[in-house]
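Each remark here refers to the structure printed beneath this line.
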Amino acid sequence: MRSAYGFKIPEIDPELTRVGPGTPCGELMRRYWQPVCLSRDLGDLPKRIRILGEDLVAFRDGEGRPGLLFFRCSHRGTSLEYGRVERDGLRCCYHGWLYDVEGRILDMPLEPPGSTVKDHLWHPAYPVQEFGGLVFAYMGPLEKMPELPKYDAWVHEGGKFYARFGPRIGGSVDCNWLQTEENLMDALHTVWLHTLHSGSQFPTQVFTSLPEELRYEETEMGMRFVMVQKLDGGRWAELIWEMVMPLNAHLVYTDELKTRKVTQVSFCVPVDDTHVRSANIRWMPEDVDETVLSGRAKLAPGRRSDTSYEYSQRHPDDKEAQEGQGEIANHRLEHHVTSDEGVLMFRRILRTAIEAVKRGEDPKGIIRDPEKAACVPTTAGAVVWKEGEKRVQNL
């Protein structure tokens, strides 16, 4: 018999996991637009935001312009979440300082007439844009600001957008962003965790047994896996899941198998080093009810009839598996095998991008051409065909 006596836990590698200002991964994340809240969250009251370890306040002024400010007033530090939204900006509740969406101080009502103090101060603020029902912020250096990408998954004639911001369906909340997101490039965990261990948590047949073929590929915008599976009735299926830089955006297909391109882009939003939220924009035809749940959503923890700890032990989902790695997974305790190919590629792409930022270069996936940003190609989806049929090559 062996004993664990004397076993020492190594220090956690911070490079890919820490997201605060000045950290390697935090600086990478700040080179891309990140979703911070829903457009509909910005009404006649400001909204407190926490993202990438920073506390902020989002609001929409009386002219309809969105803004994102450091949450403490530049005067005496009162939280601007208690401020009043006005036509020109957000006014602090304590002494009435008025800020516009770019951080200019427009008014100090308790100062003497003619005071120029406000002209010499500038409150910390971030640029924001809205698209598809989400508010996006750019938190990096202004001279490096890229275009906000619009993915072809969203570009269709007619239809409508449905945006969501909150806990990921079936996924983790109280852990580091990396273990939440790299999980999607661990394709074979879907076969074991989501089927053979916990019972079917996806409606698709692809995850019921080991695939005939599985490959991981680096792409211009990130990476993807391609899984080929033989189905019953002489049918075959190819499934593609895709990650987009800085690898906290993804396109996955989890519905019933049919030939279809993914029309939803989701984001894993790092709140700080040990908490995450999920945001997504989904395009859908006008006649589709956005409240109808996908097959995956119906099987997720929040929809379980039994939410007990015992049930979670017997039928764990991504939430239990990822949060079970600890608040921040310790990679120095891992022992990698062939099925970790996708995770290792994921981390390698991130490290390469971090090194590019350190050198002052643009990392992978940065777009500065407005025309290219207006319709960024994606490949995620499913293709189903029968023996002898000509299969669809491009979704």
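The values are calculated or read from the model by the stated rules, or taken from the named source; none is laboratory data. Quantities reported herein were computed from a predicted structural model and do not represent experimental measurements. Note that each Cβ is placed from the backbone with ideal geometry, even for glycine, and that neighbours are counted across all protein chains shown. Remember, those area values only see protein heavy atoms, side chains included, never the ligands or the DNA or RNA. Shrake-Rupley method; radii C 1.70, N 1.55, O 1.52, S 1.80 Å.
Kindly indicate the residue of the range 180-217 that is of a type in the set (A, V, I, L, M, F, W, C) and part of a loop (DSSP other than H, G, I, E, B) and also most open to solvent (accessible area, probe 1.4 Å) among those meeting that condition. Walk me through how you get there before you give the answer.
Of the residues in the range 180-217, the ones of a type in the set (A, V, I, L, M, F, W, C) are 184-185, 187-188, 191-193, 196, 202, 206-207, 210, 214.
Applying the additional criterion that residues be part of a loop (DSSP other than H, G, I, E, B) yields 187-188, 202, 210.
Working: 187: 1, 188: 50, 202: 15, 210: 119 Å².
Within the range 180-217, the match that is most open to solvent (accessible area, probe 1.4 Å) is 210.
Yes/no matrix, rows are residues, columns are (1) open to solvent by less than 30 Å² (accessible area, probe 1.4 Å); (2) charged (D, E, K, R); (3) within 15 Å of the chain's Cα centre (by Cα); (4) closer than 24 Å to residue 345 by Cβ:
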position: 4; (1), (2), (3), (4): no, no, no, no
position: 11; (1), (2), (3), (4): no, yes, no, no
position: 19; (1), (2), (3), (4): yes, no, yes, yes
position: 26; (1), (2), (3), (4): yes, no, yes, yes
position: 29; (1), (2), (3), (4): yes, no, yes, yes
position: 35; (1), (2), (3), (4): yes, no, yes, no
position: 38; (1), (2), (3), (4): yes, no, yes, no
position: 47; (1), (2), (3), (4): no, yes, no, no
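Of all residues in the range 169-179, count the ones that are open to solvent by less than 30 Å² (accessible area, probe 1.4 Å), on the phi < 0 side of the Ramachandran plot and in a loop (DSSP other than H, G, I, E, B).
In the first step, residues of the range 169-179 are kept if they are open to solvent by less than 30 Å² (accessible area, probe 1.4 Å); the result is 170-173, 175-179.
Right, trim to on the phi < 0 side of the Ramachandran plot and you get 171-173, 175-179.
Right, trim to in a loop (DSSP other than H, G, I, E, B) and you get 171-173, 175-176.
Count: 5.
For the range 218-250, which residues satisfy the criterion of being open to solvent by 30 Å² or more (accessible area, probe 1.4 Å) and assigned to a strand (DSSP E or B)?
Selection gives 218, 224, 230, 235, 236.
Kindly list, by first and then second residue, each pair from a residue in the range 29-43 that is closer than 24 Å to residue 141 by Cα to a residue that is in a helix (DSSP H, G or I), limited to pairs with Cβ atoms under 8 Å and residues at least 6 apart or on different chains.
Going by the 8 Å Cβ cut-off, the qualifying pairs are 31/144; 31/357.
Taking residue 65 as the residue in question, decide whether it is farther than 27 Å from residue 175 by Cα and more than 21 Å from the chain's Cα centre (by Cα). Walk me through it before giving the result.
On the way: farther than 27 Å from residue 175 by Cα: yes; more than 21 Å from the chain's Cα centre (by Cα): yes.
When the stated conditions are applied, residue 65 passes them.
Hey, does the range 9-29 have a residue that's modelled with pLDDT under 95 and of a type in the set (Val, Ile, Thr)?
The answer is yes, given that some residue of the range 9-29 is modelled with pLDDT under 95 and of a type in the set (Val, Ile, Thr).
Look through 143, 147, 102 and report the one residue that is open to solvent by 30 Å² or more (accessible area, probe 1.4 Å), in contact with a Lys or Arg (Cβ under 7 Å, 6 or more places away or on another chain) and within 30 Å of residue 373 (Cα to Cα). Can you show your working first?
Values: 143 fails: in contact with a Lys or Arg (Cβ under 7 Å, 6 or more places away or on another chain); 102 fails: in contact with a Lys or Arg (Cβ under 7 Å, 6 or more places away or on another chain).
Only one candidate passes the filter, namely 147.
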